[in-house]
Every structure is written in C-alpha cells, then in structure tokens.
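Q: Quick one: the structure is below, questions incoming.
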Amino acid sequence: MRIGANKITGKKITFVSRKSDNDPTSGDYSASLERLDAPEVFIWHGKNIHWRTGPWNGRVFIGSPRMLTEYLFGWRLDHDGDGTDYITYNFADKSKFGILSLTPHGTLKLVEYSDKKELLRLEVDQNECDFYGKCGPYGNCDNSSVPICSCFEGFEPKNLVEWNLRNWTNGCVRKEGFNLKCEILKNGSNDVKQDGFLVKHNMKVPDFSVRSDGNQNKCGTDCLANCSCSAYAYDPYIGCMYWSGELIDLQKFPYGGVDLFIRVPAELVEDHAVASIKKEKGHKKSFLIIPIVVGIGAFILVICAFLFWKKCSSRNKGRQLRNSIIREEKPMKLDELPLYDFEKLEIATNYFHFGNMLGKGGFGPVYKGIMEDGQEIAVKRLSKASGQGIEEFMNEVVVISKLQHRNLVRILGCCVERGEQMLVYEFMPNKSLDAFLFDPLQKKILDWKKRSSIIEGIARDFGLARIVKGGEEDEANTKRVVGTYGYMPPEYAMEGLFSEKSDVYSFGVLLLEIVSGRRNSSFYHNECSLSLVGFAWKLWLEDNIISLIDPEGCNINEKVATQLNATLSLMLFMGLDVLYE
C-alpha cells in the first residue's frame, strides 16, 4: 500500500477511507503525501486539511509523537525512478501480517497478526489540538491547558471578542511596538538592536517549511539574515527548517517534537531573560520559606489530629470499623454538603464550554472549573437526556459523601438550582487512568508492576451495591439504570437487576481494560466481538488469551506468559467472581 506523489507530474496516490464500517464505498477522508522537500502525510476532510504528521526525518514524523516507530514501526520513504516519492508501511518481521487503514472518522488504525492470531489493534487517537490550524496563525495549542489556545509573548489575539468566545481561527498578531527591526537595520540604522528568538520546547513545527542542510549553529544566523524569516527549527536528520510569514498549525506536546525558535524584537528577548532570572530568584527564596511553613503546618496538623481523634473516639467507641466508614442508611440532606451557586459554577467553567469538558459518563458531562480563589474543581452536570433525576442525584451524593476513601475522588459540594443538579469534586490534575492507558505514547509508563498496583487499589473500593441497595437481600430491582454502559452487567442494563455481582462485573471490565490497554467502547462497531468481554472470551475459547495482554505493560517471556494465561483463563472461567473474593 502506497501513499505517493510525483515531483515532476504532480500525480498523487492517495489513501481513502471507507464511508462507514459497514459501507466500503469511498468516504470523506483521504491521506496524501505533501511538502516533498520535507515530506509529510496529510489527512484531508474533503478539500480541507484535517491533520498532518509533521515532516519525515528518515526515522519518524517529528510532528506526531503518537506515531513513534516504537508503536507503528515500519514506515519507510522510497523513491521511484520516474520521480515519485512514496510512503509505505511494512513489518520488519516477515512472519507478521498487518492491515493499516484510514477509519471513517479520519484516524489511522493498525491491526497486527501473527500465525493468524491478532496481536495488536491500535488506533492513533486525535485530540482538539491535532486538528489543523486549531488556534489560527501564531496561535499555540496545548491540550493540557484551559483554554487550549494561547498567544506567545509579544503577540495578542487578532480579534479579542472572537478569541474570548473560543473562536480562535483568526489567531494572533504581533503587539503594537513589538515589530521586527530587520528592515530598519538593513537601511543602516544604529539605533536599534538586532532581532532575537524565543525558544519553545516540544513543539510541532508549523506548516510550509523550507529546509536547508546547514548545521544547527548556522540556522539562527541564516534566519536573521533574511528579513522574511519568522522562525526556524533544527532536526539532526532533516537539517535547518525555516518559515516565512505567519506560523500556522502550532502545537505544544507533553514531550517529543522539536525546539522552535520564533523571531521577536531584541527587547522582548531581554524582557523574557529578566523574567526568567526573577522567577529563578523566587524559587530560591521559596526553598528557604518552605521548610519553615512545613514545620509550622506539621505542628498544627499534629494538634488538630489529636483533638479530632479524641472527639471521634468519644463518639464512635464500641463501633465496628465498617460502621465508621459506612454509616446506617438515613435520608441525606443537601445542607450536609456545601452548596455552590449555579452562577459561580457557570463562570468557573466558562459557561460549561466544550473546551473545558474533561469527559462524559452515564450521569452526564464533567467540566473543569477554576473558582475565584484559584481552586480547581471538576463539575459533574446531570444530563437532562440521561433519564436520571433527583433520586439518582441524591444517591450519588449519599454514596460518595459516605465513602471518603483515599482512592476515591473527594466530593466538595453540590448545586441544585434552575432545574439543574450538579456535583462538585476535587480536580485531579493527573487526569484519569484512561488518559494514560489508551494513549499509545503515555501507556509506556504503565508497566506491569504499576498496572498491578492500580488494580489492587481499585479493588479496595468495589462492593458499593450493598450501599446503593440499602438492604441485605441478594438481588434488587430499579426502574432507572444509573452508570456508564459497557461497565454494566447485562441484567442491570436491560432489566435493572443489580447485586454485589454487578460490582464484580464492572471491576472485571475495568481490569480487562487495564490488562489489554484497550477501550471496551472500541468494540461497539466490531461485528466479530460485541465488547471487550466478548473478545476476551473468544480468545480464551481459542486458547489464545495471551494475545489480550498489552505488550507495553509486560515484557512477556515464556514463564510470564504461562502465569498470565492461567490467571486470565481462571478469571474468565470463574465469571470474575475470584476477583471479588
């Protein structure tokens, strides 16, 4: 399979998506090879650029950390005698077979096989910042910040009104008084200093680069000598890359990418250097203050802990440990939790803007918010379309407020106004497990030891059905189903029946996701397997359960393979009840 382009004729060989999983006709997305001076693969949505890989350096696409050869090893750039450059994909191990496709929604997917058994199913996910030109010219996109778009030092939004409304397409422009001095210097003026550069690390390089074989030290000098040069970058396998005019499709990565040097006037470079020195001095002062504050704080905490223990001891004498954590059921009053004003939550979340959405579950969407005092919060908003009401809302308040466990997110309060029900939680800056588990790049840090520890920690928090049910009977029924589909056992999702086994099933699905590194939801449109559980069961019946294990999480040798195969087989055969025990 080739994606190619001819430098002489301009003829291209493109990669086209299906219209849908069940419709093999040509879809809306296509992939092509562009910018042949420093080749990149572009994914198009119709005639509009949807996403680009960044330049090929002979080893990797430097603008796509998720596509490191470690995960998608086998990319290669070749040349035909007729002037055609083309990208191909193949395995170094000739015993392996793979299918690389462009999905109907515009992402790359790879399915890898060996001996007719599936070894890997990988889809290169995209976030908001991956969409081409998301923040406009000179706009920097950082998916870890809120809002995701920002202007560099010396730049400001071109249209402030639209920018504040989260319409970033017009991007940023240089601030008044921060224009480049190159032309003035060329005219012989001695009153101004030469332009300099602000360096930005871990960046996706802009579109429309011009490359040169110059060494790293020469890149900056050459850029300053050309008044139209607005930025440069260097990669040891590509050489110098230069940009003129506006910089488009900028993105900051958590790691990976390259250092991008953006041309700015000399005074801005000096101001930036002074600010860095002040910041460093501030850090040094903090090193002296922190031990003193920590010491005083520790002393106060010891006193408070003693008084609190004494007070609790007098109240809870003779109670069992379980009753100290989960009290007897009684009606929960909203005034037992701090109440938040709807208007303040609205402002904190930028009016529940999509860019602040952290995720979405069966209850509804969750948004990140920043209160007036700077406190970061997560706001869970009951979806009106969920079919859930005040009863389910109160149920979650009861359960979570009673289970202030160290492994559970802490609830801060709630809001019941304007026909809305919202829960306010502490914000978890490290995001949720799925942000690491299902990211081809981030999952690398989740080795088997970490995954095992996570599983053990989660296991301590299950067994909530008894609290929800409020009785000692073996099984109960509800008219309203609460939770996230995919993690619910079939009898609960379809008939509203739940028991302690419901928790075992949910935990089992989560465990299989951790072990395999695959989303349960990724199987919804798979005709062969209706769910991850079904896929695991299918592999077990084929005596191939070892294929379920994420190779990123475990260096599998024969001994480990035997142990994991036995463990997973037992889990499936026993219906996951062994985990509950």
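Q: Just to be sure, is S209 buried (at least 16 other Cβ atoms within 10 Å of the Cβ), of a type outside the set (K, R) and free of Cβ contacts under 8 Å to residues at least 60 places away in the same chain?
A: Working: buried (at least 16 other Cβ atoms within 10 Å of the Cβ): yes; of a type outside the set (K, R): yes; free of Cβ contacts under 8 Å to residues at least 60 places away in the same chain: no.
So S209 fails the test.
Q: Pull up the range 102-128, narrow it to residues that are within 19 Å of A31 (Cα to Cα) and hydrophobic (A, V, I, L, M, F, W, C), then point me to the one that is surrounded by the fewest Cβ atoms within 10 Å (Cβ to Cβ).
A: V111
Q: Mind listing whichever residues of the range 46-83 are aromatic (F, W, Y) and at pLDDT below 80? Give the steps one after another, and end with the answer.
A: First, pick out the residues of the range 46-83 that are aromatic (F, W, Y): 51, 56, 61, 71, 73, 75.
Answer for the range 46-83, where residues must be aromatic (F, W, Y) and at pLDDT below 80: Y71, F73.
Q: Scanning the range 505-522 for residues that are charged (D, E, K, R) and either in a helix (DSSP H, G or I) or crowded, with 20+ Cβ neighbours inside 10 Å (or both), which turns out modelled with the lowest pLDDT? First the steps, then the outcome.
A: Within the range 505-522, the subset charged (D, E, K, R) is 513, 518-519.
Checking the rest, the ones that are also either in a helix (DSSP H, G or I) or crowded, with 20+ Cβ neighbours inside 10 Å (or both) come to 513, 518.
Values: E513: 87, R518: 83.
Among residues in the range 505-522 that are charged (D, E, K, R) and either in a helix (DSSP H, G or I) or crowded, with 20+ Cβ neighbours inside 10 Å (or both), the one modelled with the lowest pLDDT is R518.
Q: If you take the residues of the range 87-101 that are touching a residue at least 60 places away in the same chain (Cβ under 8 Å) and hydrophobic (A, V, I, L, M, F, W, C), which of them is surrounded by the most Cβ atoms within 10 Å (Cβ to Cβ)?
A: Here is the first cut: in the range 87-101, the ones touching a residue at least 60 places away in the same chain (Cβ under 8 Å) are 87-89, 100-101.
Right, trim to hydrophobic (A, V, I, L, M, F, W, C) and you get 87, 100.
Working: I87: 24, L100: 18.
So the residue we want is I87.
Q: Could you go through the range 143-156 and let me know if any residue there is touching a residue at least 24 places away in the same chain (Cβ under 8 Å) and more than 24 Å from the chain's Cα centre (by Cα).
A: yes
Q: Restricting attention to the range 134-149, report how many residues are modelled with pLDDT under 95 and among the small types (G, A, S).
A: 2
Q: Filter the range 417-443 for residues that are closer than 20 Å to R66 by Cβ and either of a type in the set (V, I, T) or in contact with an Asp or Glu (Cβ under 6 Å, 6 or more places away or on another chain) (or both) and give the result. Please lay out each step first, then the result.
A: Narrowing the range 417-443 to residues closer than 20 Å to R66 by Cβ: 430-443.
Within the range 417-443, just K443 meets the criteria.
Q: Spot the failing condition for M203; the list is (1) modelled with pLDDT under 90; (2) in contact with a Leu (Cβ under 7 Å, 6 or more places away or on another chain); (3) not β-branched (V, I, T), and only one is missed.
A: Among (1) modelled with pLDDT under 90; (2) in contact with a Leu (Cβ under 7 Å, 6 or more places away or on another chain); (3) not β-branched (V, I, T), M203 violates only (1).
Q: It is to be established whether one or more residues within the range 523-546 are touching a strand residue (DSSP E or B) at 6+ places or on another chain (Cβ under 9 Å), at pLDDT below 80 and among the small types (G, A, S).
A: No, because not a single residue in the range 523-546 is touching a strand residue (DSSP E or B) at 6+ places or on another chain (Cβ under 9 Å), at pLDDT below 80 and among the small types (G, A, S).
Q: Quick check on this structure: which one of T53, T9, T84 is more than 29 Å from M203 (Cα to Cα) and buried (at least 19 other Cβ atoms within 10 Å of the Cβ)?
A: Working: T53 fails: more than 29 Å from M203 (Cα to Cα); T9 fails: buried (at least 19 other Cβ atoms within 10 Å of the Cβ).
Only one candidate qualifies: T84.
Q: Then there's this: Since G27 meets every condition but one in (1) buried (at least 20 other Cβ atoms within 10 Å of the Cβ); (2) assigned to a strand (DSSP E or B), which condition does it not meet?
A: For G27, the failing item is (1).
Q: Now a separate question. Limited to the range 143-160, what total is found for residues that are under 20 Å from R52 (Cα atoms) and surrounded by 19 or more Cβ atoms within 10 Å (Cβ to Cβ)?
A: Count: 2.
The values are calculated or read from the model by the stated rules, or taken from the named source; none is laboratory data. Small disclaimer: the values here were computed from a predicted structure and weren't measured. As a convention, Cβ positions derive from the backbone with ideal geometry for all residues, glycine included, and neighbour counts pool all protein chains shown.
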